[in-house]
1. Identify the single condition in (1) among the polar types (S, T, N, Q); (2) in a loop (DSSP other than H, G, I, E, B); (3) crowded, with 20+ Cβ neighbours inside 10 Å that residue 71 does not satisfy, given that it satisfies every other one.
2. Can you report the number of residues in segment 1-12 which are within 10 Å of the ligand (Cβ to nearest atom) and either buried (at least 24 other Cβ atoms within 10 Å of the Cβ) or part of a helix (DSSP H, G or I) (or both)?
3. Among what's in segment 205-227 and is under 22 Å from the mean Cα position of the chain (by Cα) and modelled with pLDDT of 95 or more, pick the residue that is surrounded by the most Cβ atoms within 10 Å (Cβ to Cβ).
4. Considering each of 69, 60, 85, 120 in turn, give the residue that is more than 17 Å from residue 143 (Cα to Cα) and in contact with a strand residue (DSSP E or B) (Cβ under 9 Å, 6 or more places away or on another chain).
5. Looking at segment 133-159, which of its residues are more than 16 Å from the ligand (Cβ to nearest atom) and more than 19 Å from residue 341 (Cα to Cα)?
6. Using the structure shown, decide if residue 302 is surrounded by 20 or more Cβ atoms within 10 Å (Cβ to Cβ) and in the same structural domain as residue 125 (by TED's automatic domain parsing).
7. Checking residue 180 against (1) surrounded by fewer than 24 Cβ atoms within 10 Å (Cβ to Cβ); (2) small (Gly, Ala, Ser); (3) within 16 Å of the ligand (Cβ to nearest atom); (4) not in a loop (DSSP other than H, G, I, E, B), only one condition comes out false. Which one?
8. Provide a single number: the residues in segment 159-204 that are among the hydrophobic types (A, V, I, L, M, F, W, C) and in contact with a Cys (Cβ under 9 Å, 6 or more places away or on another chain).
Amino acid sequence: MKILTVVGARPQFIKAAVISRAILQHNQSGHSTPIEEEILHTGQHYDPAMSQAFFDQMEIPEPVINLNIGSGLHGQVTGAMLAGIEQEILKRRPDWVVVFGDTNSTLAGALAAAKLHVPIAHVESGMRSFSRKMPEEINRILTDHIADLLFCSSEAARDQLAREGITQGVHLVGDVMFDAVLFYRDRAIVPDRGEQYALASLHRAENTDDPIRLEKILGAMGQSPVPVRLPLHPRTRKMIDQGSIALSDNVTAMEPLPYLSMLGHLQEAAFVITDSGGLQKEAYFYGKRCITVREQTEWTELVTAGVNRVVGADAAAIRAAFDWALQPLNDLPELYGRGDAGLRIVRRLAEKTG
Ligand code: UD1
């Protein structure tokens, strides 16, 4: 049985690392349906710090092909990916195409497979922000509605799919990013101990592409009671430079961090400020509170559990969350499975084919 795994953006490399490792384990167990995996990289992320560093650190098998699509308008890049992935599916003839999350690479992979009648497995299915202004929301909805196997991280995701009439092929398996933290945390590269700090990240279009909003969020970060370390996505850096936005002395901009350094920084952080989906979950895995600078989150169970506050770009609300964020967290509920999501996904794929 052969699968084609489609990746392109940074968070997808983390998720693919878990699946590739689970495939290795599955094959070594002597299962009657061994799996051959080929990884296709669309090239959506291409800076070494955004891509190759993850393959190296996480020991992800090298992609059999990189389409080198790069950046551009959404239609332009998604269309180029669609055409490129279609050719690869025709050439490689996989039994399944596996896609992750909600990026343009996710949608292109799913759509290319659907047109060629190759079944699709969608990992991290059923997430919704209910804001169709976000490109990710469109990518998720469309991918879920053409997928054959839908792997959910949480009960809320499964329930959402049911509300949209999707009940066939849905499996609640837990979150592959939890598997990743459990596997890699012993290898975390911890920053030099010293001052307390908050770990921040900012890259969503709704924040970076609106200079007023961007300035408000960065300004509020500057008022944090502990210094803020901000590894910068290249798009955010570009927008800060273009808008000539001055960072407060309290905020240290850094190069994007590879996975193991990000884990190390999380381990030592007092709390997290982010608009990333993945980092909201990783904060929780490390027992840190998270201030989410968006209008809504897909990871609503974190809010219900009291570990995540969604504050938008409102400077007063961000400042008001700092004291809350500094309080320690105990007795976290088990929200995203047991750390075996990757294996459960791989077993289900083998069962469906075998
Ligand atoms: C994409 C995903 C987003 C995900 C994020 C993870 C979509 C619509 N968005 O957002 O869901 O959370 O990845 O990081 O798919 N750039 C570089 N070097 C790179 C990559 C990007 O300089 O290696 C710059 C370019 O200026 C580019 C911009 O970042 O135009 C945006 O990149 P893009 O891939 O469109 O979206 P992300 O913001 O990275």
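The values are calculated or read from the model by the stated rules, or taken from the named source; none is laboratory data. Note that the structure is a prediction, hence the values are computed from the model and not measured. Cβ sites come from the backbone with ideal geometry, for glycine too, and all protein chains shown count toward neighbours.
1. Going through (1) among the polar types (S, T, N, Q); (2) in a loop (DSSP other than H, G, I, E, B); (3) crowded, with 20+ Cβ neighbours inside 10 Å one by one, residue 71 breaks only (3).
2. Residues that pass the stated criteria total 4.
3. Of everything passing the filter in segment 205-227, 217 is surrounded by the most Cβ atoms within 10 Å (Cβ to Cβ).
4. Step by step, each of 69, 60, 85, 120 is checked, and only 60 is more than 17 Å from residue 143 (Cα to Cα) and in contact with a strand residue (DSSP E or B) (Cβ under 9 Å, 6 or more places away or on another chain).
5. Within segment 133-159, 145, 146 qualify.
6. So residue 302 fails the test.
7. (1)
8. The first filter runs over segment 159-204 and keeps only residues among the hydrophobic types (A, V, I, L, M, F, W, C), leaving 161-162, 166, 170, 172-173, 176-178, 180-183, 188-190, 198-200, 202.
Restricting the remaining residues to those that are in contact with a Cys (Cβ under 9 Å, 6 or more places away or on another chain) gives 161, 170, 172-173.
Residues meeting the conditions: 4.
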